[in-house]
Amino acid sequence: MAEPGKNGTPMLDELEKGPWPSFVTQIKEAAEKNKMSKALLSLLERSYHERIGHWKHGGIVGVMGYGGGVIGRYSDLPEEYPDIAHFHTLRVNMPTGWFYTSDALRTICDIWERHGSGLTNMHGSTGDIILLGTTTDELEPTFAELTANDFDLGGSGSDMRTPSACVGPARCEWACYDTLALAYDLTQTFQDELHRPAFPYKFKFKCAGCPNDCVASIARADMSIIGTWRDEIQIDQKEVKAAEEAGLNIQRDVCNLCPTKCIEWDGKKLEIDDENCVKCMHCINTMPKALRPGKDRGATILLGAKAPIVEGALLSSVLVPFTKIEPPYEELKDMVERIWDFWSEHGKNRERVGELMQRVGLGNFLEAIEVEPTPEMLAHPRENPYVFYEEYYEEGDEEEEEEEE
Amino acid sequence: MAEPGKNGTPMLDELEKGPWPSFVTQIKEAAEKNKMSKALLSLLERSYHERIGHWKHGGIVGVMGYGGGVIGRYSDLPEEYPDIAHFHTLRVNMPTGWFYTSDALRTICDIWERHGSGLTNMHGSTGDIILLGTTTDELEPTFAELTANDFDLGGSGSDMRTPSACVGPARCEWACYDTLALAYDLTQTFQDELHRPAFPYKFKFKCAGCPNDCVASIARADMSIIGTWRDEIQIDQKEVKAAEEAGLNIQRDVCNLCPTKCIEWDGKKLEIDDENCVKCMHCINTMPKALRPGKDRGATILLGAKAPIVEGALLSSVLVPFTKIEPPYEELKDMVERIWDFWSEHGKNRERVGELMQRVGLGNFLEAIEVEPTPEMLAHPRENPYVFYEEYYEEGDEEEEEEEE
Amino acid sequence: MATERRTDIGPPNYQNFLPSVIKKNYGKWKYHEILRPGVMVHVAESGDKLFTVRAGSPRLMSIHRIRKFADLADKYCDGHLRFTSRNNVEFLLTDDSKIDALIADLKELGHPVGGIGNAISNIVHTQGWVHCHSAATDASGIVKAVMDDLHEYFTGKEMPGKLRIALACCLNMCGAVHCSDIAILGIHRRPPRILGGLNKVCEIPNVIASCPTAAIRPATVEGQATVEIDEENCMFCANCFSVCPALPMADALNDGVSIWVGGKVSNARSEPTFSKLAIPFLPNNPPRWPEVVEAVRNIVEVWHKNARNFERMGEFINRIGWPRFFKLTGIEFQKEHIDDFKYAGLSYKRSVQLRH
Amino acid sequence: MATERRTDIGPPNYQNFLPSVIKKNYGKWKYHEILRPGVMVHVAESGDKLFTVRAGSPRLMSIHRIRKFADLADKYCDGHLRFTSRNNVEFLLTDDSKIDALIADLKELGHPVGGIGNAISNIVHTQGWVHCHSAATDASGIVKAVMDDLHEYFTGKEMPGKLRIALACCLNMCGAVHCSDIAILGIHRRPPRILGGLNKVCEIPNVIASCPTAAIRPATVEGQATVEIDEENCMFCANCFSVCPALPMADALNDGVSIWVGGKVSNARSEPTFSKLAIPFLPNNPPRWPEVVEAVRNIVEVWHKNARNFERMGEFINRIGWPRFFKLTGIEFQKEHIDDFKYAGLSYKRSVQLRH
Ligand code: SRM
Ligand code: SRM
Ligand code: SRM
Ligand code: SRM
Ligand code: SF4
Ligand code: SF4
Ligand code: SF4
Ligand code: SF4
Ligand code: SF4
Ligand code: SF4
Ligand code: SF4
Ligand code: SF4
């Protein structure tokens, strides 16, 4: 079973069937010329038989001067699969928005042909180009070639992770701020934080241009920056009519689904009570020709999303209800620094910033990072009466208090 | 300040002004003939000046053989107010539904004139007749006269508390079961549990005839029994039309407010998609002549409401989505006994049954009380993936498992 | 002797107290109508009618007043009456020609008639300084002052929906104020004092276990076992005091009132829900608590003016959003509004659905 | 030497990779239209048009395949392409006459075109047995099997709204499956094994601290410091294993897959929300995981058949109620569906608003 070509890979072969492009075919393509990929194919077939993985984590590996960007991985059967006894991945910081030229892509491929398995993930869940599997010895040479070609590593471990952004103004009419510019700027500004883990745990930025949140930032970024607007939705009444004529049931499928029922259609004119519009995007989504976000645009900044480990999954919650997002983004970055300072000082090992915020309470957290509390930060005020009133009068204060009355 | 009539009660006097009936007037009325009430007036005036109460709890007082029904209370200024140095209340079990004859009321008044302050609460928040304030010596004689006149004490301390019920079938067209009969039956069946505290903490029953919940059972009863139905709402179309003609905006104020939008009005016919009706009562409330609950009636049983102490306030949650409520209520009572058994064994001191359910988890709780889990018990299934799968295969099981496949 | 003493007899059977029209039509009511403020009729399948006249009550009543009610019941209702779950008195008549006279007598006696339908009903409340050791404020006094101010909403001023006010004089929340349209809640703001000789009246382990935030630790003072309190971690629940009288909480300078809004109990339209904090602290200012009266009226008026038909307080606020509620009422948003107990995280705003 | 070595340069500037039509119309797009499955056009204020052709990808790709994409980009798009946040490949054209040929070439290469608009898009997923030590199941294999089965929903079968599927091979949930319409989640069901010599590779206090349920205690075995695990309190999160490689969790007999439904990320209509447990356990059955494929298809079909326009999975279930969801899908409701972690109590049904 151990070597493909001997017993073959009957189970994996099953996964070459069917209409969806097959990762097995990809590994096989790579395996033709690359012994690591060949070994991987074989080991994976074994996993399929045994219904168990064969990887271990272990000692820290990386490139000189960086603490992140490489995931060390070892097979637990090094003797049987010596070619992938080490099989580390490099996380290469993708171009913001995942735009490529064919040349850039080929450059990556060529480097990886020389130094690794020839397998990639385009892309990892955080957004990086994942170069999937190489040996410890190849890490430094790969890195040298990457940087020579203007590529650099992304994050891993307790560092800032590679920021990501939706396609935004590059191709989307709804982008309320320049997601690509912000994500790129954050990446460049915080290169040190990205490459040298010094936080209690990981920290992710994701930039979405509007409330549709096409990078899932509210679910998976410690800081989610989501575009929005604060003036009126722009309406082209003729196009509304046209949308109806094209078959859209505006009353049922737009008005009735508006979360605050603030949009009305009388068959002639669409009216939006913008004061009660919560910028959910639904009406705009359904009529892209007729409706557009307002002109006074910016973003809501939210904090704290993460997966379940350790204290349970979190969605980001509102930190700044509305702010303009414009270079050089000083205000935003200052706030980020204050958050990192507080987190670095008070965060426990492996405690995400969202968990810290939950542990100390949003109220105290805001105080620490010098942000004023506002009702927009809450779904609703507290329900429970266990209030930590912070001050009380001592007997001596009585007279003053009496006087105040 | 200590004696009314000397300096008078200038602050309390302020509360005799204004259109709402005044409790001060009531205390004064009693104080005319009763020295306890007189002393109370004086002490209360003092509290108003000092902005602080003057009562202590302390040693357990009560009537022979009972552990509940009396709240022991002592002034912290016994020398200054000797007439209310003791000032215990008796909680007298009210007639179910708070129905009285004038004779019954007079009987209570006469007894209380002889033995106590002459002050009452009609009624306490749990529902009892509160006889407000007497001395330790008077407790037993009061009790003797009460029982001689067919009255008995209600609960206090870690016992079952006096069950209460909405007016139900006595005067309400919406009662889906006989709330008075059930509350009375529970009271009689569990006299021992009511009078002799043996639980970890208090346990309250409240019986509401329909989802309007006019005894607030879902907020304040450990077991809330709320009437409902499972067939179609009864509609009198003529009366619907009449309601509209009388000025009701059926579309806006009924249909649009239906929580599942399952009710439609075309100006002629009201149609209800009863499968999606969640029996909220709103449409029925707005058109009592036109709509009535269905005919297949029963109740939802919920568990666990309580005030904040200790682990935070709880609303009751669904335990039995639908059941018929008919004498002799054996099934219900059996379940109650199983709940009490489990709670008595596993509840911590001062842990309400709702808190126990939260602590051990609803799933385990159901297992312990032998109730099958159903999706109606949840607002939604779990969001977090920390599942305590209870069994796993050991290596030896492998073959069996293979065979099963 | 044991045989002489009657125990465990339970309350008198309610059936003996029902008026005959109820006995006859028990469970067979067809519909009801509100005839005017405080007066409704229930019509039975049989065609029989039962008129109810509801009168406000201070709840704390002397036997003399109760006897007067008994007299009225004799005069108008064949000796029958009942009390409601919110402590109003209901006179049950079969003859509607007597209603006016009854109302006049009630008025004479000082009891307004109302509270039925879309109205403010009586304030569910508790003992306060009249009888409870735990009170952070008085109950009856505030209720009287607030109802004086709002009584027109009881006696007939039109309202969008029901509005339920409740008051509890401490966090024990007798009366379950936690699900009220407006809740007035007495609060302490100073950690308990520790009286000498505590170890003689209380079990120290129980005292320590009673604190939800683990703020109580064992200590020794002058050779005596006692406890100490980490004041930073005390949120003034008074549970330790319930367990141990040697830890009094009441404090003239720091006790006061908080205001909560938007809870409800009924399942009509929206699900039952807890009240939320509106105003963290108002001072105890007897005898008429003007700050509290003013705050409650303000909230009632904002709701009265802006709510749609049948919209309870919480439903109204949900529609307009909490930020707008704070704006309309002029209440200042503060750190105290942000939850920090067990479920705090779930009250944070986890979407960008915002009004800007 | 340090000067020679380039570090901290960051990624290449994206601006250098944008096609010229984008550079010209950056931030000035006016609207878009979906032309057919997998093809859309964005129209700029200037009138310029940008055509996008979206192709499915296995994400795990060899450099050979990527070079083929580069070739296609050269052939049709002046060398420009991008990838999406769900790992599809997007070809960016200005000349719509080339679309058919591009699609044909993609098909030839085995890449279906689709996923735009109300469609099932690519499955966000993770490493699985291909590369991760923590995996309770494979990722790519299940994704391939499920997408084979559902591909018609990618290539154009009409649907009520978007449907996002995600897979994570363990509770770490790389890929944030916790907010997906359908999430496939690898799970362990056996407490970690404790390897000998643990004290040599791990800091025991860290290991103990890592457990969210405090199930790990210090122990001594044969004179060596190690840990023991209270199996009753282990809920298989594998956090201890992340911290300490000497506590492996993987177990061929007990690992498998759970299915979650009804999460979403966008703020459209309803607020973002977590997915909820639909199926507590399905076995690992490689190579094609038929039970998982079947379960996912069943849920998709129930939604497809019953959901209204624009209704995401969770919105659909909210409308019909969870009991009905279980009925329609035929999924058995079990104890495992009931939450028992921190916020459990808030997931209990706290009203009588029920369908009977
Ligand atoms: C490669 C990648 C999955 C993929 O196939 O795409 C990945 C892979 C791993 N993740 Fe992840 N995570 C990846 C994106 C995510 C995401 C999604 C995101 O970033 O948007 C999440 C959820 C969001 C979040 O951050 O919470 C995620 C949540 C985790 C967690 C749980 C963190 C938590 O706080 O709950 C862990 C556990 C840990 O940190 O110890 C983890 C740990 C890991 C480790 C490093 C496991 C380990 O302890 O060694 C995995 C290495 C696997 C391998 O063999 O390379 N990974 N991880 C993703 C990174 C690629 C990239 O850089 O682009
Ligand atoms: C008299 C009454 C208030 C009233 O003015 O109406 C009352 C008065 C007291 N309640 Fe209560 N509770 C009264 C109904 C309630 C209710 C409402 C209900 O039953 O519907 C609640 C909220 C529902 C609940 O049970 O949670 C209630 C929740 C509490 C609590 C908090 C319990 C919790 O689990 O959170 C305490 C504290 C305790 O038990 O130590 C408490 C404790 C007390 C004590 C016994 C304080 C004490 O430790 O001595 C009060 C005695 C005051 C006195 O001077 O007589 N009382 N208490 C009510 C009982 C009258 C009656 O029998 O009819
Ligand atoms: C008499 C009483 C029951 C009793 O056994 O004593 C009662 C009697 C009626 N209630 Fe009630 N409710 C009574 C307390 C309650 C309570 C409990 C409470 O306030 O603590 C509630 C829950 C309140 C809450 O949600 O916070 C309550 C929520 C309702 C509702 C739902 C209102 C809503 O829209 O949320 C209705 C329906 C309606 O009014 O249209 C209702 C309707 C009614 C009707 C119309 C039922 C009927 O057909 O007879 C009765 C008279 C109308 C009225 O407006 O008062 N009753 N009703 C209680 C009178 C209390 C009082 O003196 O004011
Ligand atoms: C290309 C991409 C952004 C990127 O930078 O890569 C993108 C692009 C667009 N999204 Fe998106 N979305 C993309 C991921 C997402 C995500 C993130 C995700 O799936 O992980 C979401 C959140 C999903 C969720 O809620 O779970 C997302 C939620 C939306 C929505 C809201 C849908 C809803 O009703 O909930 C819209 C509006 C719509 O489709 O009407 C939208 C609309 C759009 C539009 C129409 C915006 C525009 O005007 O250009 C774009 C193409 C339509 C389409 O259907 O794909 N996009 N979109 C992502 C394509 C992923 C893919 O390959 O399928
Ligand atoms: S998040 Fe908004 S701006 Fe960004 S791609 Fe999606 S729809 Fe466009
Ligand atoms: S964006 Fe959303 S909230 Fe605003 S009008 Fe449109 S549908 Fe309504
Ligand atoms: S709960 Fe229902 S049945 Fe009981 S009085 Fe209220 S409306 Fe009538
Ligand atoms: S009872 Fe409630 S849910 Fe049912 S139809 Fe009437 S309004 Fe709708
Ligand atoms: S609320 Fe508190 S102070 Fe008021 S009666 Fe109840 S226990 Fe006493
Ligand atoms: S008042 Fe409550 S929080 Fe404060 S010490 Fe006592 S029990 Fe603890
Ligand atoms: S989800 Fe778990 S198993 Fe899969 S890649 Fe992430 S850490 Fe590894
Ligand atoms: S798997 Fe999780 S719950 Fe189990 S012992 Fe490890 S850390 Fe604790």
(message) What are the ³J(HN,Hα) couplings of the range C:7-24, residue after residue, when phi is run through the Karplus curve with 6.51, -1.76, 1.60 and θ = phi - 60°? Round to Hz, x for glycine and proline.
(response) 9, 6, 8, x, x, x, 5, 4, 4, 6, 9, 7, x, 5, 5, 6, 3, 5
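Dipole size in debye (nearest 20) for the range A:295-389 around its Cα centre, Lys and Arg Cβ +1, Asp and Glu Cβ -1? Display every interim value, and only then the final one.
Values: 11 positive and 16 negative charges, 80 e Å.
With only Lys, Arg, Asp and Glu charged at Cβ, the dipole is about 380 debye.
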(message) Along the charge dipole of the range B:234-292, pointing to its positive end and built from +1/-1 on Cβ of Lys, Arg, Asp and Glu, which listed residue (B:281, B:260, B:270) has its Cα farthest out?
(response) B:281
(message) Charges on Cβ only, +1 for Lys and Arg, -1 for Asp and Glu, centred on the Cα centroid of chain B; of B:118, B:190, B:53, which one is farthest towards the dipole's positive end?
(response) B:118
(request) Apply the Debye scattering formula to chain B, with a single equal point scatterer on each alpha-carbon and no solvent, then give log10 I(q)/I(0) at q = 0.06, 0.14 Å⁻¹. (result) -0.35, -1.22
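Roughly how many debye, to the nearest 20, is the charge dipole of the range D:43-193 about its Cα centre, given +1 on each Lys and Arg Cβ, -1 on each Asp and Glu Cβ, and no other charges? Walk me through the numbers on the way to the answer.
On the way: 18 positive and 17 negative charges, 179 e Å.
Computed charge dipole of the range D:43-193: roughly 860 debye.
What does the structure give for A:143-154 when I average, per residue, the other chain Cβ atoms found within 10 Å of the residue Cβ?
Details: counts 3, 3, 0, 2, 5, 1, 2, 7, 4, 7, 4, 2.
Mean partner-chain Cβ count within 10 Å for A:143-154: 3.
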(request) Scan chain B for the residue whose Cβ is closest to the axis carrying it onto chain A, then write down that distance in whole angstrom. (result) B:256, 5
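Quick one: of A:261/D:349; B:269/B:289; D:264/D:327; A:295/D:28; B:324/C:49, which pairs are farther than 19 Å apart, Cα to Cα?
Working: A:261/D:349 26 Å; B:269/B:289 15 Å; D:264/D:327 22 Å; A:295/D:28 12 Å; B:324/C:49 29 Å.
Those over the limit are A:261/D:349; D:264/D:327; B:324/C:49.
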(message) Quick query: amide H of residue D:221 versus all other amide H atoms, modeled in the peptide plane; which residues come in under 5 Å with a sequence gap of 5 or more or a different chain?
(response) D:226
(message) 7 Å along Cα→Cβ for the label point: how many nanometres lie between residue D:219 and each equivalent label in the other copies, listed shortest first?
(response) 4.1
(message) What does the copy distance list look like for residue D:196, label position 7 Å along Cα→Cβ, in nm and ordered from shortest?
(response) 6.6
(message) Cβ neighbours within 10 Å, averaged per peptide: list C:37-48, B:133-144, A:240-251 in order, most packed at the top.
(response) B:133-144, C:37-48, A:240-251
(message) Need the list of aspartates and glutamates near residue C:157 for cross-linking: C-alpha distance under 19 angstrom, and skip anything on the same chain fewer than eight residues off.
(response) C:33, C:148, C:149, C:181, C:294, C:301, C:311
(request) Please work out the Cα center distance from the range B:99-146 to the range C:232-296, rounded to the nearest Å. (result) 30 Å
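In debye to the nearest 20, how big a dipole does the range B:186-321 give about its Cα centre with +1 on each Lys and Arg Cβ and -1 on each Asp and Glu Cβ? Walk me through the intermediate numbers first.
On the way: 18 positive and 19 negative charges, 92 e Å.
My answer is approximately 440 debye.
Just from its helices, what would the mean residue ellipticity at 222 nm be for chain C, if runs of 4 or more DSSP H residues each count -39500 (n - 2.57) and the sum is divided by every residue, rounded to the nearest 500 deg cm²/dmol? List each step's numbers first, then the result.
On the way: 10 runs with 96 residues, N = 356.
Computed mean residue ellipticity for chain C: -8000 deg cm²/dmol.
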(request) Would you kindly work out, in nm and rounded to one decimal, the distances from the label point of residue D:117 to those of the same position in each other copy, ordered shortest first, with label points 7 Å along Cα-to-Cβ? (result) 5.3
(request) Just tell me which lysines come within less than 20 Å, Cα to Cα, of residue D:68; anything on the same chain fewer than 8 places away is out. (result) A:28, A:33, D:98, D:107
(request) Treating the angle as unsigned and between 0 and 90°, give the value, to the nearest 10°, between the Cα long axis of helix C:140-155 and the longest Cα principal axis of chain C. (result) 40 degrees
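Shielding of A:29-37 by partners, i.e. mean partner chain Cβ atoms within 10 Å per residue? Can you show the working numbers first?
Working: counts 6, 6, 1, 2, 3, 2, 0, 0, 1.
For peptide A:29-37, the averaged partner shielding equals 2.
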(request) Of the options D:61, A:39, B:371, report the single residue whose Cα projects farthest towards the positive end of the charge dipole of the protein assembly as shown (beta-carbon charges: Lys, Arg +1; Asp, Glu -1). (result) D:61
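Based on alpha-carbon atoms only, what is the radius of gyration of the protein assembly as shown relative to the globular estimate 2.2 N^0.38 Å?
Numbers: Rg = 35.1 Å, N = 1522, 2.2 N^0.38 = 35.6 Å.
That works out to 0.99 for the protein assembly as shown.
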(message) I'd like the Karplus ³J(HN,Hα) series for the range C:29-45: coefficients 6.51, -1.76, 1.60, θ = phi - 60°, whole numbers in Hz, and an x wherever there's a Gly or Pro.
(response) 7, 9, 7, 9, 9, 8, 8, 6, x, x, 10, 9, 10, 10, 10, 8, 3
(request) Check the straight Cα-Cα distances from residue B:348 and name the lysines below 18 Å, setting aside those fewer than 8 residues away within the same chain. (result) B:202, B:204, B:306
(message) Residue by residue through D:282-288, how many Cβ atoms from other chains fall within 10 Å of the Cβ on average?
(response) 5
(request) Give the share of C-alpha pairs in each 5 angstrom bin for the range A:10-53, from 0 to the last occupied bin, in whole percents, shortest bins first. (result) 6, 24, 28, 25, 15, 2
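Since every read-out is calculated from the coordinates, none of them should be taken as a lab result. In this text the structure is predicted, and so the values were computed from the model without any measurement. Cβ coordinates were reconstructed from backbone atoms using ideal geometry, including for glycine residues, and neighbour counts include every protein chain displayed.
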